[in-house]
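All remarks here apply to the structure that follows.
Since every read-out is calculated from the coordinates, none of them should be taken as a lab result. The shown structure was predicted, so the numbers you read here are calculated from the model rather than taken from an experiment. Cβ sites come from the backbone with ideal geometry, for glycine too, and all protein chains shown count toward neighbours.
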2 protein chains.
Amino acid sequence: MEKFEVNILGCGSALPTTRHLPTSQVVNVRDKLFMIDCGEGTQLQIRKSKLRFSRLNHIFISHLHGDHCFGLMGLISSLGLLGRTAKLHIYSPLGLEALLKPQLKFFCNKLPYDVVFHSFNTIQPEVIYEDRSLTVTTIPLEHRMPSCGFLFAEKQRPNHLIKDMIDFYKIPIAQLHSIKLGADFLTGDGQVIPNNRLTLPAIPARKYAYCSDTIYKEGIVDQIRGVDLLFHEATFLESEKARAKETFHTTAMEAAIIARDAEVKKLIIGHFSARYESDELFLTEAKTIFPNTMLAHEGLCVTIE
Amino acid sequence: MEKFEVNILGCGSALPTTRHLPTSQVVNVRDKLFMIDCGEGTQLQIRKSKLRFSRLNHIFISHLHGDHCFGLMGLISSLGLLGRTAKLHIYSPLGLEALLKPQLKFFCNKLPYDVVFHSFNTIQPEVIYEDRSLTVTTIPLEHRMPSCGFLFAEKQRPNHLIKDMIDFYKIPIAQLHSIKLGADFLTGDGQVIPNNRLTLPAIPARKYAYCSDTIYKEGIVDQIRGVDLLFHEATFLESEKARAKETFHTTAMEAAIIARDAEVKKLIIGHFSARYESDELFLTEAKTIFPNTMLAHEGLCVTIE
């Protein structure tokens, strides 16, 4: 099966600790790398991984808090030193370009490639990236500032033709494309051959949803329903629910409720507050609601089957 | 003896590797922490060390290349989250304040403490910091942009009084201060007691010189003569001397020549280019000229005795 992996480079919250770095992930779809958020130290984490800088062309920034974007300048600068010539696309809520442009001009005035900024609205879901096999759609969240998650969705591939049946009915080549897409076949003598006798269904398209930073927001459940993998922030434990609400973050239990209600296949939680000594309590709490939960950690690579 | 230590947080050059982070050091003088340069990941390195954020009040930036200052925003931001209220002083060549102010305004708009920027000239040595026991003086270097090293010099302490002699000559308390500073004593009957019979010399004041980034510059030798410890950049090996010159950097051999000519007690080299697979060649090369050389590495703490 073609590659669809999520690599966790950092899963701490604003204050880095010896256990966790600020947020960054790399989604690897068929060896195209898509970065989500870029906290300080992200380029160092890529160095430690087997991910290749040259495969990275698109960076998605969820919101403009420092722990989600302070690694951008170092990364952009290093890509230049590595001789990059391909454009680098950065997608974010409005404002990032104005903040980075003066720095780029000063620190990277001889950059051998272009950085292209794209801003997205944070109110309505919007397809912000599309290629032959993938779309990336924003998931509007609710935080102390405009913030969006991202839904990575493979495009559904056409059905597989059953060669023996195609031969048996002598189906003309010109009709094969529509049959792959689900059409029935009408024989010369008017008989209708239903599509499910001619094709085998393709592997279902896979989906990954990333949701951070946000207060508990039921409204996202419909958009992320049934995804294979959900990353949801869990900055606090239920015991700090008041603090979570006040700072527009989510508790581990609330993240699990979102996962359960959206009937996702698997949940990863992260963005852990530095106040907790261990992450295990997050897991225990989330599993009471949604058993198929795992903890994010730096270096984790989750394959979506 | 009172503490005077140099902690290496990062000693790579522009492109970080799995072995080396961008430049940063912390000089610990009697538990006051002074940071030199602040590359990406510096705050993470402090977390890993036993250094305490609360002891840090002064940051010295040698020059405005990203690998020497991209860690500032993350550090400033985290100090705020840690509840800092004391002013943080940042010393650099002109330009840093204009670059950071818009970011501070956007990312750290509720910072509970003040960041105070000080710019220094990069042409003439200048005392940029002074307290009861220490001065920090710039060491003008020569790089692709204005750049200075820093000379950390303890102030010479007064001599120690020899109590038995003070009692023997019944020296009045009012005269003790001048005797500590080197005065002789005149007895009632006109006899001169030389100072060296009344005092023991204090431990000689210690000095640390940091020189990075720079092309080989003989002109610094007089200013750093006899220092206890010299950190000098050694970005390249002698085999890449042309490249060193072109990029305004120093080779390991050149760093050793500076150390030898300045008669320093010990040399640490760092700022190694990412092109080399191992650091050992730097050491071998430097030691041919200056045997008391050591390699910098992340986590190294050198005590100045």
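Averaged over the residues of B:78-86, the number of partner chain Cβ atoms lying within 10 Å of the residue Cβ comes to 2. Tell me which trypsin sites (Lys or Arg not before Pro) from region B:131-220 have a DSSP coil assignment and no more than 16 other beta carbons within 10 Å of their own. Sparse-neighbourhood loop trypsin sites (Lys or Arg not before Pro): B:132, B:144, B:155, B:170. Overall, chain B carries a charge dipole of about 1000 debye about its Cα centre when +1 sits on the Cβ of Lys and Arg and -1 on the Cβ of Asp and Glu, all other atoms neutral.
Which of the residue pairs B:245/B:287; A:101/B:105; A:32/B:241 have a Cα-Cα distance greater than 27 Å in the structure shown? If you can, show how the numbers build up before the last one.
Numbers: B:245/B:287 21 Å; A:101/B:105 16 Å; A:32/B:241 39 Å.
Among B:245/B:287; A:101/B:105; A:32/B:241, the Cα-Cα distance tops 27 Å for A:32/B:241.
Starting from 0.36 nm per residue, how many nanometres of slack lie between residue B:301 and residue B:242 once their C-alpha separation is accounted for? Mind showing how you got there, number by number?
On the way: separation 59, 0.36 × 59 = 21.24 nm, distance 3.23 nm.
This chain segment gains 18.0 nm when fully extended.
Label positions at residue B:94 and residue B:167, each projected 7 Å from the Cα along the C-beta direction, are separated by 6.2 nm. Between residue B:55 and residue A:202, what is the FRET efficiency for a Förster distance of 56 Å, r being their Cβ-Cβ separation, to the nearest 0.05? So the FRET efficiency works out to roughly 0.35. Extending 7 Å from Cα along the Cβ direction at residue A:184 and again at residue A:85 yields two label points whose distance is 5.5 nm.
What full-extension length gain, to one decimal in nm, is calculated for residue A:32 and residue A:127 as 0.36 nm per residue of separation minus the Cα-Cα distance?
32.4 nm
For residue A:142 and residue A:157 in one chain, what is 0.36 nm times their gap in residues minus the Cα-Cα distance, to one decimal in nm?
Full-extension gain reported as 2.1 nm.
Would you mind giving the three semi-axes, in whole Å and largest first, of the ellipsoid equivalent to region B:1-85 according to its Cα gyration tensor? All intermediate terms of the calculation are to be shown ahead of the outcome.
Numbers: eigenvalues 78, 49, 27 Å².
Each semi-axis is √(5λ); the values are 20, 16, 12 Å.
Please identify the trypsin sites (Lys or Arg not before Pro) of region A:1-91 that satisfy two criteria: DSSP loop assignment and at most 16 other Cβ atoms within 10 Å. Which are they?
Values: sites: A:3, A:19, A:30, A:32, A:47, A:48, A:50, A:52, A:55, A:84, A:87; in loops: A:3, A:19, A:30, A:50, A:52, A:84, A:87.
Here the sparse-neighbourhood loop sites are A:3, A:19, A:30, A:50, A:52, A:87.
Counting Cβ atoms of other protein chains within 10 Å of each residue's Cβ and taking the mean over peptide B:31-40 gives 1.
Once you wrap a convex hull around the alpha carbon atoms of chain B, what is its projected area averaged over all directions, in nm²?
On the way: hull surface 74.0 nm².
If you wrap the Cα atoms of chain B in a convex hull and average its projections, you get 18.5 nm².
Here r is the Cβ-Cβ distance between residue A:114 and residue B:106 and R0 is 25 Å; the resulting FRET efficiency, rounded to 0.05, is 0.60.
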